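Readers should treat all values here as calculations from the given coordinates under stated rules, not as data from a laboratory. It should be emphasised that the depicted structure is a prediction, and the values quoted were computed from it without experimental measurement. Quick reminder, even Gly has a Cβ in these numbers, built from the backbone with ideal geometry, and neighbours come from all protein chains shown.
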Amino acid sequence: MSIWEYANPARFMRFSRTVLPWVSAAAALLILVGLIWGFFFTPDDFRQGSTVKIIYLHVPSATMAINIWVMMLVTSMIWVVRRHHVSVLAAKAAAPIGATMTLIALATGAIWGQPMWGTYWEWDPRLTAFLILFLFYLGYMALWAAIEDPDVAADLTSILCLVGSVFAVISRYAINFWNQGLHQGASLSLDQEENVSDVFWQPLVLSLVGFGFLFLTLVLLRTRTEIRARRLAALKQRERVS
Amino acid sequence: MWALLIRDLTLAVRAGGGFGLSLAFFLIVVVLVPFGVGPQSDVLARIAPGILWVGALLACLLSLDRVFHLDFEDGSLDLLATSPLPLEGVVVIKALAHWLTTGLPLALIAPALAVLLNLPGPGYLWLFVSLALGTPALSMIGAFGAGLTVGLKRGGLLLSLLVLPLYVPTLIFGAEIVRRAVDAQAIGTPLAMLAGLTLAAWACLPFATAAAIRINLR
Amino acid sequence: MEISVTDLSCARGGLPVLSGVSFQLQAGQALVLRGPNGIGKTTLLRTIAGLQPATAGQVQMPEDCVAYAGHADGLKAGLSVEQNLRFWASVYGQREISAAVGAFALTPLLDRLAHDLSAGQKRRLGLARLLVTGRPLWIFDEPTVSLDAENTRLFAEMVDRHLQGGGMALMATHIDMGLSQARVLDLTLFKADLTALAQDSFLDEGV
Amino acid sequence: MPDLGKYAVEVLSAYAVSLSLLALLIGTTLHRSRSVRRALKQVEARRDDQKPAADKATKDA
């Protein structure tokens, strides 16, 4: 059986109904364990003190913020090439989740930045890049909201997603060029000397995977809603006409 | 093609074409900034490159919704889409007309407005060069946004929301050129990046824009 | 020169309006589409003109064949009548505009701005535009709106001359213009069946 | 409760902000899911009411 069969809305609805309970349970369990472990049972960092606990929110949300955009790019391109409605509706469903993740990453980054760098907001390249990413999410959602015909909206947002991705990458390099920044380097390196030791690492991985499952739960749920909304709109339109 | 360019330029400079509005807007932005930040000439000189670039960028944004929308409303866009001209070519001409009537005049008057902000001596030449090199990218990216929103009744605000994030790299490299010129640093890298950005935008975006317009016409 | 439309289906706003439309048009023939408002005349014309994709079926015609005249005339208010015509002529790679000027007695209006024309005069200019395209297939969407009896006659003459010269015309109109070579196609025969819900995958049961 | 030291405000506010944003996201997702499902049920019920009637009409004819 080919993966494309899930592009059939009815099949997708059946599939997502079976997996949703498992995925959502995994998300809840992993996030709870990861966050509780990280919050209550990890020592303070010798330089950063207790602020290191913010990492269990900051890093997973930032990772998701970028990966969700990539997922939207992929599903949008699948729509452009193969015209599977479920694919582009998944992109539409993912955008608000991505925007929220970006916002969480920004908020936790700013709160963390205050004690570490002495300021809430620093035009640090990574922070700035996330701000730009947030604007991209807003633009993408606004374009969806502004267009009435769902297929036209799907096509135009896909084009925006593709062009936006290219510009997001260019912006990332431009911002790096513009300001070198204060952020830590590879935060997840296994190299013990390069910070983030095992004690912090284990709950962080749990939290990361948990955020991944949370995204999966939400995106499945929201895609189901979008499919129902499409069916609802189609039925209503027919009622009006006939 | 030339006929389309000449028609667009003629319409832009005729009464009601909105030519000059962007220039006036640019002037007002530059005049307002000292009221906001105070009259100290050293402060103004420091921020002048950024203000001039941001002002030019906003002025450029102002006239973007006219690029395709007028032709969409009066049916010309339908007719152009069924004409022998490739729609990609129409996009290029439209963006070129926008640049000639907005970007180029902005680049030309920017050095004059720089006097108001006490831009240090070496900056003037590079302000003009960077704007002349960067505003074509602004026009083309803006035309892409205009193509995306051409079917919408009130697309103006959405257009700004879509286009402004795309302007980030152009703004960064453009303003950096002027800042480095003022500080007598090497400007080769940002200059090359800006030129590359402009070329890439003109090479790739006409296709995306034409695709967006075709979708909007159906 | 022949145009053939086979089993064409088209949709407006995601809703199928027409299905199974088939007809052929030879050089020198005209086809008039009839049907009540909302049946999908404009949608069909735009689909054949290539402005929107068909949901099924095919349109076969030589390349660069269509000149489309929709509800809007595509005139620029800030340009004169002559400038408007010359612009479209050069878009289609033509030089001569005298035939277009002559067909609708536009000579006295040549220097007038399109802004200052009446609705009927604008329409005349918009229709005369087709003469500078040099394209064989003319597609009209309600061409006689805001034309008086005299100008409707001029329009019919213009189309007749075009047909005699081996051209073709496809139009949606409610009035009978007495075109000699015109057939009529009643679109109510092709109204899409909305109860056939399964065509749209979102309307499958069990969603 | 672990001793958060001098950064208690920062850490707690970071958790508060993040968790409330997540709660907001989950809340709106569930809310919209429910309302769309309810609306769809209504429309489908209406359609099912009409359908047997229409079938009957065609049979009679």
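From the helices alone, meaning DSSP H stretches of at least four residues, give me the mean residue ellipticity at 222 nm for chain A, per-run term -39500 (n - 2.57), in deg cm²/dmol to the nearest 500.
Numbers: 6 runs with 188 residues, N = 242.
One gets -28000 deg cm²/dmol as the mean residue ellipticity at 222 nm.
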Original post:
In this model, which of A:92/A:236; B:94/C:41; A:53/D:6 are farther than 25 Å apart at the alpha-carbon?
Top reply: B:94/C:41
**OP:** Would you work out which of A:88, C:22, A:142 lies farthest towards the positive end of the dipole of the protein assembly as shown, given +1 charges on the beta-carbon of Lys and Arg and -1 on that of Asp and Glu, about the Cα centre?
**Re:** C:22
Original post:
Of B:43, B:32, B:216, which is farthest on the positive side of the dipole of chain B, counting Cα position, with +1 on Lys and Arg Cβ, -1 on Asp and Glu Cβ, and the Cα centre as origin?
Top reply: B:216
Original post:
Rg and Dmax of chain C, using alpha carbons, in Å: what are they?
Top reply: 18.4, 67
Original post:
For residue C:12, which sequence-distant residues (separation of 5 or more, or a different chain) have an amide H within less than 5 Å of its own amide H, given hydrogens modelled in the peptide plane?
Top reply: C:17
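Roughly how crowded by other chains is peptide C:78-90, in terms of the mean Cβ count from those chains within 10 Å of each of its Cβ atoms?
On the way: counts 10, 4, 0, 0, 0, 5, 2, 0, 2, 6, 6, 1, 6.
That works out to 3 on average.
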Subject >> Whether region A:28-77 is rounded, prolate or oblate, judged on the alpha carbon gyration tensor where a/c under 1.5 counts as rounded >> reply: oblate
**OP:** Quote the FRET efficiency, to the nearest 0.05, computed for residue C:191 versus residue A:177 with a Förster distance R0 of 45 Å and r equal to the Cβ-Cβ distance.
**Re:** 0.15
Original post:
Using θ = phi - 60° and the Karplus form 6.51 cos²θ - 1.76 cosθ + 1.60, what ³J(HN,Hα) does each residue of region C:28-33 get, whole Hz, x for Gly and Pro?
Top reply: x, 10, 10, 10, 10, 8
**OP:** Distance between Cα centroids, region B:1-56 to region B:62-126: provide it in whole Å.
**Re:** 12
Original post:
If one takes the longest principal axis of the Cα atoms in chain C, at what angle in degrees, from 0 to 90 and to the nearest 10, does the Cα axis of helix C:81-91 lie?
Top reply: 60
**OP:** From the P(r) of the protein assembly as shown, can you give the percent of Cα pairs sitting at distances over 38 Å?
**Re:** 51
Original post:
In degrees between 0 and 90, to the nearest 10, how far off the longest principal axis of chain A does helix A:55-82 point, with axes built from Cα atoms?
Top reply: 30
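For a footprinting-style exposure proxy, rank C:45, B:138 by other Cβ within 10 Å, fewest first.
C:45, B:138
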Subject >> Förster-model FRET efficiency, 22 Å R0, residue C:22 and residue C:181, C-beta, rounded to 0.05 >> reply: 0.65
**OP:** Report the relative contact order of chain B, percent, no decimals, based on alpha-carbon pairs under 8 angstrom and at least 6 residues apart.
**Re:** 26
Original post:
Non-local amide H neighbours of residue C:64 (under 5 Å, H modeled in plane, Pro and chain starts lacking H): which ones?
Top reply: none
**OP:** May I ask you to list the residues of region C:126-143 whose amide nitrogen lies under 18 Å from a point 7 Å from Cα along the Cα→beta-carbon direction of residue B:6?
**Re:** C:132-133
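Cut-off is 10 Å between beta-carbons; in what order do B:198, C:42, B:189 appear when sorted fewest neighbours first? Walk me through the numbers before you get to the answer.
Values: B:198 23, C:42 17, B:189 13.
Ascending Cβ contact count within 10 Å gives the list B:189, C:42, B:198.
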Subject >> GNM top mover of C:91, C:81, C:132 - chain C, alpha-carbon springs below 10 Å >> reply: C:91
Subject >> Karplus (6.51, -1.76, 1.60) ³J(HN,Hα), θ = phi - 60°, over region B:85-91, in Hz, Gly and Pro reported as x >> reply: 5, x, 5, 4, x, 4, 4
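Most exposed first by the Cβ proxy, i.e. fewest other Cβ within 10 Å, how do A:224, A:82, D:32, C:153 rank? Show your work: numbers first, answer last.
Values: A:224 23, A:82 10, D:32 17, C:153 13.
Fewest to most other Cβ atoms nearby, the residues stand as A:82, C:153, D:32, A:224.
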**OP:** Report the label-to-label distance for residue B:203 and residue B:41 in nanometres (one decimal), using points 7 Å from each Cα along the Cα→Cβ vector.
**Re:** 4.5
Original post:
What is the Cα centroid distance between region A:1-42 and region A:52-72, reported in whole angstrom?
Top reply: 17
**OP:** For region A:210-242 and region D:1-35, compute the distance between their C-alpha centroids and round to whole Å.
**Re:** 26
Original post:
What per residue convex hull volume, in Å³, comes out for region B:2-217 when only alpha-carbon positions are used?
Top reply: 112
Original post:
How far, in degrees from 0 to 90, does helix A:125-146 lean away from the longest principal axis of the Cα atoms of chain A, to the nearest 10?
Top reply: 20
Original post:
Given the alpha-carbon gyration tensor of region C:66-135, what are the semi-axes of its equivalent ellipsoid in whole angstrom, ordered largest first, with each equal to the square root of 5 times an eigenvalue?
Top reply: 17, 13, 11
